[in-house]
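The values are calculated or read from the model by the stated rules, or taken from the named source; none is laboratory data. These numbers were taken from a predicted model, which means no experiment stands behind them. Heads up, the Cβs are rebuilt from the backbone with ideal geometry, glycines too, and the neighbour counts pull from every protein chain shown.
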Amino acid sequence: MNRILKTTVLAAAVMSVAGVAQARDQIRIVGSSTVYPFASYVTEEFGATTGNPTPVIESTGSGGGLRLFCNGVGEGTPDITNASRRMKVVEFERCAENGVTDITEAKIGSDGIVMGQSNTNDVVALTREDIFKAVAAMVPVDGELVENPYTNWSEIDSSLPDREISIYGPPTTSGTRDAFEELVMESASEEMDAYEEGYTDIRSDGVYIDAGENDNLIVQRLSEDTGAFGIFGYSFLEENLNTLNAATIDGVAPEAEAISSGDYPVARSLWFYVKNQHADDVPPLYDYVDMFMSDMMIGDDGYLRDIGLIVLPEDEREEWRQAVADRTTMSADVLK
Amino acid sequence: MSHTFDDISQQLKHRHRKSTRLKWITMGSLGLAGLFLVLFFADMLNKGLPAFQQAYIQVEINYNEEAETDGRQAFDEELIPIISRTMVRVIPMELRNNPDMIGTSTNEWVLATSEVDQYLKGHRSSLSPEERAAIDERVEAGQVDMRFNTTFFTNGDSKIAEYAGILSAVIGTVMTMIVTLAISFPIGVMTAVYLEEFAPDNRFTQAIEININNLAAIPSILFGLLGLAIFINFFGVPRSSPLAGGMTLALMTLPVIIISTRAALRSVPDSIRHAAFGVGCSRWQVVRDHVLPLAMPGIMTGSIIGLAQAMGETAPLIIVGMVAFIPDAGVSFTEAATVMPAQIFTWSGEPEQAFVEKTAGGILVLLTILISLNAFAVVLRKKFERRW
Amino acid sequence: MQTNQLLLIFCAALLLLGLLAFFAGRSKATRIRSAGTAMFAQPDQYAWFTVLSTAGPALLVSALGAFVLLLMGANIPTLYLLAASLVVAAIGLLVSLNQVKPDFHARQAMERVIRMILASAALISIFTTFGILFSIISEAVRFFKMHSFWEFITGTTWSPGASFLAAAGRGDGGGAEFGSVPLFAGTFMITAIAMLVAVPVGLLSAIYMSEYAPSKVRTVAKPVLEVLAGIPTVVYGFFAAITVAPLIVTLAGFLGLDASYNNALAPGIVMGIMIIPFISSLSDDVINSVPDTMRQGSLALGMTKGETIRDVVVPAALPGIISASLLGVSRAMGETMIVVMAAGMRPNLTANPLEDMTTVTVRIVAALTGDQEFESAETLSAFALGLVLFAVTLVLNLVSVLMIRRFREKYRVNNL
């Protein structure tokens, strides 16, 4: 008798534990690793200041995030996806096919990538083509593609300083690398005749040094290795202006205004997409979205600026905030 | 060549000297291993102990009307850069919940920013010289104080260094370990019982035995690949959840439990079994009523050691996504969670100086738990160990 | 959430049926017995038999159904599946109640069922191995469809480069190279450094403990060394990255050498420290099992103690020591956290341990936690690397087991 009692209690306990899996009032967010630090900051703030549960946020990459997001509507699919590029038409169509038809698009700011160096050097003026020639695996020499022969910046262009090329950069798994390849490599090679399409292979003979995910480490290395350049996010430059300076690219210096206006060529916009169809099932959804779009977060003195977001110009910011506040359903037209 | 007595005694001396030298070398090696251990613990304590102290600042909070929308308005302007934002951001909500607090003011000790904290601890800090001077002044006036860091134990992870704590990781670890034990303990004991008490000695049994020994030596990261491909991608177990992590770790712990349970079962003398069979018990009754109870302390010891091992494991959990950012921990098996070693890993990647200390502090907490578990296992073994 | 509630209801119903089965079975058996008929088993045993045959088949059906549901993608609504299981449970209950007869050996029937349950538990460990193999191979095959196996094994350039772009939604993934030689070179380099630390220290400590140490020292030293094995690897990783690596850079600086912060030496040394107890513990056991007669014989011939150890004991114990070292190698190769935290990210084919280099496990972690989709070649390459790692460690383990078995047979010791 004793044993049956024990067995019953045990079984009941197992069951009740299994049954604890409760309804969801927690927002689920996926998407870009570039937006991740900003979004996780907002989620923490959201959890701490509104009494709502802290949203669960996962860094899956922009492509992966949009894929999960467009998988359908309902339990198990994310409510928001972050992206470090705009949604593509094919992705929008995939969403629509799977019934995700009511999406609101939000632009939160930009992110710039700089070529930094120790500020014991003078500011160098680079073009995207220079950078491309310094890091590409194959470069055109006399009209033919050969293995990159350049070891010194002055070989690329005689106006550049006589310094050995040595570049600390992010690894292939980082969002910064993705952006660098897109914004520098791809766009530079598209304008060069030698390539039929965008070329993004980075040389692996030790000139380009994979420095790991930690941008801070790159910054540290640069103050030791004063001849080298480092590729990292604008926010790290801003934090370390006492030890670093950055090359101008195509004549534009990396400054917040130039980046958010798009004048600085190596910059991209950051986005998130909201699944309006989930608003009823996940009540705190819009509270989170509105908090993200508030001046407290993405404004000129916003918290995200402190951690490296490059804020939008005020009128544009206002425009996006309004669009989000109206829960504007996006259409494929804006993406074309 | 003839050997004189002198030659030989010379040689002998030489040989004995060599022999003694070997003794000292081996002793030195053991000493070296011990030295590593001492250095390691000294380094961790040196880095981690400051994490249990935290700078607090005494401030006046004015709950005025503006503070209901902007928490910053409740504080003196010069305080804003040195007190933790986590103290400021909750003020509007507090006021919304208790409207009659508006117009009052209190004098409280609040968290300082990690920069102040690091400065006071003598670490690298990005405070400007003026700010440093201002802090020094407040220290003189007794308005800044180092206190025991309760936040570290009552909070989950945070992007704001001074507010980051280990609680959500502890809860995640507990949830994960519940899953791990719930799966690996019964299955492990059942497997061991089968192999020791029931299994015929045939090819199949041998295959299982070889397989278990092999499983024990497979790199843990491969269990992560299994968890990712089978549990998450195939069975659809929620990513990052204690369920996914616990199941993966359970498979990893299984060989440890099986091997130690078998040893425990083997140490029960056959006379007990024979006596039980003699009074007409069936095989299962013998195992259930006689062998298992006697082997239980040994089984428990093995399971605790296996549990401690699983608790410190990180690599497979990273693969199944248990490195999520969890500010407030939920008690759920299916929602995203993190565990202590994963939290240590995440913190170690944070660029801020304050997180180095947090990492080492987290390590100290984890090591304390692991060492107590192992000590408990040893005590258990000592207490119930029986010589037949 | 509906599924959850359904599941809860199902469990409750099954529990109720089980209880019902228990009491019904027992009362029936008691009734028969009190009527004076001799029975083969006790009422409680009949009761447990009915419970088992009620819940067992039902759980089996629901588990099988769930499996089919997942495997075949068949569209059986959960409701029907659970309802069907409950029906099975009810049938089981009726059938087994019917079986409660004086001439039915409930105890033996139970025994058979329990034996089967135990055997199937034992099968789980086999399934685990197959699960690992299956999951790794199936994804690795997908990878080898994209990139040739030969290139993977012999290529000296690891640059997933463009495949990353394809994953991020642009480009076609062309131009990526997956030559794993630099990764394995890094792994072997770090493993070699680790073994250079672990084997001498571990072996010599073992010799001291088994040949010289007074038993008091032994009882303290052994568990203290085991502490080294119990420290989580993530902690070692932090130690290597924060304390040891900068130390090495400074030391190298004194010697006029240029060391990277992610040098291979730091993780190697720390990994070696971690492996010391694996080697010392097993070597200690092996040296202890070398028969004392051999020592006595050697001493009787006038050998010094040191010579006895060097020329008699250690050679006799050699298979065991090699076996311990092989296990150490296998552990070092599969070790992940230390290298993830302290070794570099750059696939680097070099013989200089002061440079940064990356390892197989680092690449696996990087590929599976980065910013790309599961289908991309870079993610799948993790499984290809895992496959090779699995094969190498498997061979090492098997060789190690064979060697220790040979030692055991030679000296007829059973406690290894």
| query | Among the residues of region C:21-33 satisfying the criterion of being in contact with a Leu (Cβ under 7 Å, 6 or more places away or on another chain) and not basic (Lys, Arg), which is surrounded by the fewest Cβ atoms within 10 Å (Cβ to Cβ)? | reply | C:ALA24
| task | State whether the residues of region C:142-157 include one that is modelled with pLDDT under 90 and within 14 Å of chain B (Cβ to nearest Cβ). | result | yes
| Residue list for region C:172-186, restricted to those being crowded, with 24+ Cβ neighbours inside 10 Å and within 11 Å of another protein chain (Cβ to nearest Cβ) | C:ALA176
| note | The helices (runs of 4 or more DSSP H) lying wholly within region B:71-160 that contain at least 2 residues that are under 30 Å from B:ALA337 (Cβ atoms) are B:85-89, B:91-97, B:114-120, B:151-154
| Breaking point among (1) in contact (Cβ under 8 Å) with a residue 12 or more places away in the chain; (2) among the small types (Gly, Ala, Ser); (3) closer than 17 Å to B:GLU313 by Cβ, for B:ALA217 | (1)
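Quick grid of which residues meet (1) more than 9 Å from chain C (Cβ to nearest Cβ); (2) over 30 Å from B:GLN343 (Cα atoms):
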site: B:ILE272; (1), (2): yes, yes
site: B:ALA275; (1), (2): yes, yes
site: B:LEU292; (1), (2): yes, yes
site: B:ALA295; (1), (2): yes, yes
site: B:GLY306; (1), (2): yes, no
site: B:ALA310; (1), (2): yes, no
site: B:ALA315; (1), (2): no, no
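A quick yes/no check of all residues on (1) within 21 Å of C:THR308 (Cα to Cα); (2) among the basic types (Lys, Arg); (3) out of contact with any strand residue (DSSP E or B) (no Cβ under 7 Å at 6 or more places or on another chain):
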site	(1), (2), (3)
C:PHE254	no, no, yes
C:ASN262	no, no, no
C:GLY272	no, no, yes
C:LEU282	yes, no, yes
C:ASN288	yes, no, yes
C:MET294	yes, no, yes
| task | Count, please, the residues in region B:97-124 that happen to be over 37 Å from the mean Cα position of the chain (by Cα) and either loosely packed, with under 13 Cβ neighbours inside 10 Å or free of Cβ contacts under 8 Å to residues at least 12 places away in the same chain (or both). | result | 9
| said: Take B:PHE204 and tell me if it is buried (at least 22 other Cβ atoms within 10 Å of the Cβ) and either within 14 Å of chain C (Cβ to nearest Cβ) or modelled with pLDDT under 85 (or both). | reply: no
| request: Sort out which residues of region B:4-24 are over 30 Å from C:ALA206 (Cβ atoms) and within 14 Å of another protein chain (Cβ to nearest Cβ), and write them in order of number. | output: B:ILE8, B:SER9
| Quick check: anything in region B:328-335 within 12 Å of chain C (Cβ to nearest Cβ) and part of a helix (DSSP H, G or I)? | no
| query | Out of (1) surrounded by 17 or more Cβ atoms within 10 Å (Cβ to Cβ); (2) within 14 Å of chain B (Cβ to nearest Cβ); (3) at pLDDT 85 or above, what's the single condition that is false for C:ALA106? | reply | (3)
| Top-ranked residue of region C:322-354 - restricted to ones that are aliphatic (A, V, I, L, M) and more than 14 Å from chain B (Cβ to nearest Cβ), ranked as surrounded by the fewest Cβ atoms within 10 Å (Cβ to Cβ) | C:ALA351
| query | Looking at this structure, is B:PHE325 more than 30 Å from B:VAL189 (Cα to Cα), crowded, with 23+ Cβ neighbours inside 10 Å and modelled with pLDDT under 85? | reply | yes
| Which of (1) without any contact (Cβ under 8 Å) to a residue 40 or more places away in the chain; (2) surrounded by fewer than 20 Cβ atoms within 10 Å (Cβ to Cβ); (3) within 13 Å of another protein chain (Cβ to nearest Cβ) does C:VAL235 not meet, given it meets every other one? | (2)
| query | Restricting the search to region A:52-76, which residues are more than 19 Å from the chain's Cα centre (by Cα), away from chain C (no Cβ under 13 Å) and without any contact (Cβ under 8 Å) to a residue 60 or more places away in the chain? | reply | A:THR54, A:GLY72
| query | Filtering region B:336-352 down to residues that are of a type in the set (Ser, Thr, Tyr) and assigned to a helix (DSSP H, G or I), which residue is farthest from the other protein chains (Cβ to nearest Cβ)? | reply | B:THR346
| The listed residue being surrounded by fewer than 23 Cβ atoms within 10 Å (Cβ to Cβ) and out of contact with any Cys (no Cβ under 7 Å at 6 or more places or on another chain), out of C:LEU396, C:LEU389 | C:LEU396
| request: Please go through region C:248-277 and pick out each residue that is within 10 Å of another protein chain (Cβ to nearest Cβ), assigned to a helix (DSSP H, G or I) and out of contact with any Phe, Trp or Tyr (no Cβ under 9 Å at 6 or more places or on another chain). | output: C:ILE269, C:GLY272, C:PRO277
